[in-house]
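Student: Following this message is one structure expressed as structure tokens.
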Amino acid sequence: MRLTIERMRTLVLAAALLLLLALGAFLAYDKWKKPFNVHDLPKRLGVDIQQEANGFTHAEFRAGKAVFKITASKVEQLKNDQVLLHEVKIEMYGAAGRGVDSIEGHEFEYNQHDGIATAAGPVQITLTRPGDTPAVLPGGKQPKPLIDVPKTGPLATAVQDVQAGMIRVKTSGLTFNQKSGVARTDAHVDFALTQGSGSAMGASYDSQKGELVLDRSVALDTRRGADTVHLTAQHASFDRNDQICRLSNAAVAYRDGEAHATEAAVKFHDDGTAERLDAAKGFALTTTNGGRLAAPTAMLLFGAKNQPVHGHLEGGVTIDSDANGRTTHGTAPTAELEFGAKGVLRRAHLEPGVVIASDEQAGGARSHRVWRSPAADLDFRQAGRGQMELASMHGIGGVVVVSETERNGVTTPGRFAADDVTGTFGADSVLTAMTGVGHATMEQTTQAGARQTTSGDRLEAHFAADARSDAHGRSAAAQVESATVTGHVVLVEQPEAKPGAAAQPPMRATAQRAVYEGAGEWLHLTGEPRVEDGGLQLTADRIDVSDDSGDAFAHGNVKASWTGSADGMPAGSHAQALGGQGPAHVVSAEAQLHQASGEATFQGHARLWQQANSIAAPIITLDRTRQTLTAHTANAADPVRVVLLSAAAAPQGKPQSSATPQVIRARGGDLKYSEAERKAVMHGSAAGVVVAEASGAVTRSNEMELLLLPAGNHAGRDGGAAQVDRMTARGHVTIESQGRRGSGEQLVYSGESDLFTLTGTAGAPPRMSDPARGTVTGEALIFNSRDDSVNVEGGGRETKTETTIQKQPR
């Protein structure tokens, strides 16, 4: 919004000038409080004159100083006590006899009986500024010029400056009543000065009360630089004793706008400079570019050079602007104005209860913003051509800024709040930055429809400076270009609820510092950042959150825990990482959390464990929606590694209560686990083969399948680790145990029985090499890890083979 409030001084200065001119015009001009009274004229001239007298001159001195001088080319006594003066000139002197003001007219007529003096024709008054040499010296002597004034040069310039300071007034029909002390005219009054000219219709002056009244049609046209300023008033009055000027329906029009006061009172110093302006019943400033400042009452204080230094508006202040496709409306009960050099508005303080609303149309979108605060300071700067524009706005006591952006019928809300807020404005008063300190929060809706709330001790946001739309078609007025949040940062993002789908849990992030980039729509969290998303808790050196998708990317020293319980999830739900009931933990170098899919991907020496079960791989992905886990590698030297417990098997001849689970270790190229099937499948892939170690045996195969026991069916107490019921290896299977080596196409291991069953095909049955027995084959070879025996099945018979190799202790 642009405001030309400094133009208020034009109203005061022009009014003061107009009143001083009128005082001189009615013989009441007395800035030194030594009035010249017209009713003394007959006594000075001599009422007993009955004939014509030519070349009359009279000078009056007080304390040796010239007060006035009257000259007339001719004086004559008329009938009926009338005195007529011809070609009259009255000169009045200021303090120390310096400065000359003069009144000239062809004829002045004075009625001695009625005490009324009347100018028979037009009257011209010339007012000069103090400092000129007096026209007469003590004793009535004429001053002698010291030198002849040249036509050019410094002295000539000085004389021209004196003449430029003169004010000339013309009127007619002037009458003065000696008994009442009132001078009056109903005629037109014109005056002229170097900067312009003015006029009024009808005036009166009460010499006893010291009150001057301009009846109607008061007008003044003056110059302000290269521009014309036009002042009008319906009525004006001036109290000489109190030095107060009162104007009704006064207006000042200038190139950039207009100022108006229904009732205005101007208090002057004794030297004629303005001291104070009080306006009542409506005061307003309007600019040509749509700016307006108004209040029922207003007060202005002025400095030594008639420049406003302070202003006070109350009774309901309003600020309005309509320019460049943006409308603004602000309200506050009171406003304090501060002016800088040359009377330029510098600051406005509004309180208590400030509301400023703005609407903008740009790029096919409509933006609406409302500022609310107990108090606000508005700082202004010069915008060229004598206009002012808003530079900054500072609110205290708890500031709330709400916004709405509407495009294609869809409204996107936003909110900014803090204990202390400062808004910075660029060219054309466009909001470019906003800083909040103390309990700062910013709420907005992302392009994906998620509601995002960011809070911290300090929040600084920068907005796009142009009116173009961004890549998503959003109006720049609603677009955050960058933002920085510091101190106890909390980010909460609630995904948009989709029709027919259960509400997704919110994502919550904390940090000591957050930096938002509008170009890429990223929020960078540093300083012990932490993210909680759907029961997943994650920390890292730095976490980046996508404002567009809600995805989070963690970098450096990533640590995560997945409890599986979060808002929006069924009661009693738990982490479905490796079939266990306790929390799952992950460490890695990097991590990605995908908001829409519910996937969490960990990479860079990633390791996940849940109770005694664990997975290590270059990349591990948790799909919390589908309840699956995948891991893979592209480097054979860094395979996927899995550690799981098998179902407990009691030693032969021992009770089941003494059973202890066995550890199964496997490594390969990739792995996929499904909680619904409670099955994990591993392939050789980049690693070439799957290698598994179980119950003292090492197997190699193309593929391995691990089937877990049903949930809750565990050997341990209180929700022990998930256990493998069966391990199945397929494709070019080999097994090595206690010096024996077997080969086939499929190997099945039962954790509860601790048995390995190796099978092949009809053309390639399983084979086993035993150092003691040699090579055996059959339809199935069964290894019993409890007693290190091997059973061979095939051809309708069963063969049992026992090893002679000493079994190594486990």
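Student: Within the group Val309, Val317, which residue is more than 30 Å from Val182 (Cα to Cα), modelled with pLDDT of 90 or more and in a strand (DSSP E or B)?
Tutor: On inspection, the qualifying residue turns out to be Val317.
Student: Also, I was wondering about something else. Just to be sure I understand the filter: pairs with C-beta atoms under 6 Å, separated by 6 or more residues or on different chains, first member in the range 749-769 and open to solvent by 60 Å² or more (accessible area, probe 1.4 Å), second member of a type outside the set (A, V, I, L, M) and part of a loop (DSSP other than H, G, I, E, B). Which pairs pass?
Tutor: Cβ pairs passing all conditions: none.
Student: Does the range 263-276 contain at least one residue that is assigned to a strand (DSSP E or B), closer than 30 Å to Trp371 by Cβ and either in contact (Cβ under 8 Å) with a residue 60 or more places away in the chain or touching a Gly at 6+ places or on another chain (Cβ under 6 Å) (or both)?
Tutor: Pass one, the range 263-276, residues assigned to a strand (DSSP E or B): 263-268, 274-276.
Next, from what is left, pick out any that are closer than 30 Å to Trp371 by Cβ: none.
Within the range 263-276, not a single residue is assigned to a strand (DSSP E or B), closer than 30 Å to Trp371 by Cβ and either in contact (Cβ under 8 Å) with a residue 60 or more places away in the chain or touching a Gly at 6+ places or on another chain (Cβ under 6 Å) (or both).
Student: For the range 320-356: of the residues being within 20 Å of Arg381 (Cα to Cα) and not in a strand (DSSP E or B), which is modelled with the highest pLDDT?
Tutor: Out of the qualifying residues, it is Gly340.
Student: In the range 423-443, what residues are crowded, with 19+ Cβ neighbours inside 10 Å and at pLDDT below 80?
Tutor: Ser429, Val430, listed by residue number.
Student: Ok, one more. Identify, by number, the condition in (1) surrounded by 22 or more Cβ atoms within 10 Å (Cβ to Cβ); (2) out of contact with any Ser or Thr (no Cβ under 7 Å at 6 or more places or on another chain); (3) of a type in the set (A, V, I, L, M, F, W, C) that Ala501 doesn't meet.
Tutor: Of the numbered conditions (1) surrounded by 22 or more Cβ atoms within 10 Å (Cβ to Cβ); (2) out of contact with any Ser or Thr (no Cβ under 7 Å at 6 or more places or on another chain); (3) of a type in the set (A, V, I, L, M, F, W, C), the odd one out for Ala501 is (1).
Student: Additional query: For Gly398, which of the numbered conditions (1) at pLDDT below 85; (2) more than 13 Å from the chain's Cα centre (by Cα) fails to hold?
Tutor: (1)
Student: Considering only the range 539-554, state which residues are open to solvent by less than 10 Å² (accessible area, probe 1.4 Å), of a type outside the set (Asp, Glu) and in contact (Cβ under 8 Å) with a residue 60 or more places away in the chain.
Tutor: Gly550
Student: Residue by residue through the range 244-288, note down the ones that are crowded, with 21+ Cβ neighbours inside 10 Å and more than 34 Å from the chain's Cα centre (by Cα).
Tutor: Cys245, Leu247, Ala250, Val252, Ala264, Val266, Phe268, Ala274, Leu277, listed by residue number.
Student: Additional query: Out of the residues in the range 289-306 that are part of a loop (DSSP other than H, G, I, E, B) and in contact with a Phe, Trp or Tyr (Cβ under 9 Å, 6 or more places away or on another chain), which is least open to solvent (accessible area, probe 1.4 Å)?
Tutor: Taking the range 289-306 first, the residues part of a loop (DSSP other than H, G, I, E, B) are 289-291, 296, 303-306.
If we keep only those that are in contact with a Phe, Trp or Tyr (Cβ under 9 Å, 6 or more places away or on another chain) too, we end up with 296, 303.
Working: Pro296: 53, Gly303: 21 Å².
Going through the qualifying residues, I end up with Gly303.
Student: Okay, next question. Restricting attention to the range 357-395, report how many residues are open to solvent by less than 50 Å² (accessible area, probe 1.4 Å), in contact with a Ser or Thr (Cβ under 9 Å, 6 or more places away or on another chain) and at pLDDT below 80.
Tutor: So the count comes out to 8.
Student: When the residues of the range 307-322 are filtered to those that are aliphatic (A, V, I, L, M) and more than 18 Å from Met388 (Cα to Cα), which remaining residue is surrounded by the fewest Cβ atoms within 10 Å (Cβ to Cβ)?
Tutor: Of all residues in the range 307-322, those aliphatic (A, V, I, L, M) come to 309, 313, 317, 319.
Among the residues that remain, those that are also more than 18 Å from Met388 (Cα to Cα) are: 313, 317.
Numbers: Leu313: 25, Val317: 23.
Out of the qualifying residues, it is Val317.
Student: Inside the range 444-482, can you point out the residues that are among the polar types (S, T, N, Q), under 29 Å from Ser597 (Cα atoms) and either modelled with pLDDT of 85 or more or assigned to a strand (DSSP E or B) (or both)? Before the answer, list the steps.
Tutor: At the first step, the residues of the range 444-482 found to be among the polar types (S, T, N, Q) are 444-447, 452-455, 469, 475, 479, 482.
Restricting the remaining residues to those that are under 29 Å from Ser597 (Cα atoms) gives 444-447, 452-455, 479, 482.
The answer is Gln444, Thr445, Gln452, Thr453, Thr454, Ser455, Ser482.
Student: Let me ask you something else. Would you say Arg607 is basic (Lys, Arg) and buried (at least 19 other Cβ atoms within 10 Å of the Cβ)?
Tutor: Judged against the criteria, Arg607 is not a match.
Student: Report whether or not Ala233 is closer than 22 Å to Thr334 by Cα and of a type in the set (Gly, Ala, Ser).
Tutor: Here the answer is no, as Ala233 does not meet what is asked.
Student: When you check Ser217 against the structure, is it in a strand (DSSP E or B), modelled with pLDDT of 80 or more and on the phi < 0 side of the Ramachandran plot, yes or no? First the steps, then the outcome.
Tutor: Values: in a strand (DSSP E or B): yes; modelled with pLDDT of 80 or more: yes; on the phi < 0 side of the Ramachandran plot: no.
The answer is no for Ser217.
Student: Take the residues in the range 177-196 that are open to solvent by less than 30 Å² (accessible area, probe 1.4 Å), more than 16 Å from Gly121 (Cα to Cα) and among the hydrophobic types (A, V, I, L, M, F, W, C); name whichever of them is modelled with the highest pLDDT.
Tutor: That would be Phe191.
Student: Right, something else. List the pairs whose first member sits in the range 595-608 and is free of Cβ contacts under 8 Å to residues at least 60 places away in the same chain and among the hydroxyl-bearing types (Ser, Thr, Tyr), whose second member is open to solvent by 10 Å² or more (accessible area, probe 1.4 Å) and outside any loop (DSSP other than H, G, I, E, B), and whose Cβ atoms are under 6 Å apart, counting only residues at least 6 apart or on separate chains?
Tutor: Matching pairs, first to second residue: Thr601/Gln592; Thr601/Thr621.
The values are calculated or read from the model by the stated rules, or taken from the named source; none is laboratory data. The shown structure was predicted, so the numbers you read here are calculated from the model rather than taken from an experiment. Cβ: placed from backbone, ideal geometry, glycine included. Neighbour counts: every protein chain shown. Only protein heavy atoms, including side chains, enter the accessible area calculation; ligands, DNA and RNA are left aside. Shrake-Rupley method; radii C 1.70, N 1.55, O 1.52, S 1.80 Å.
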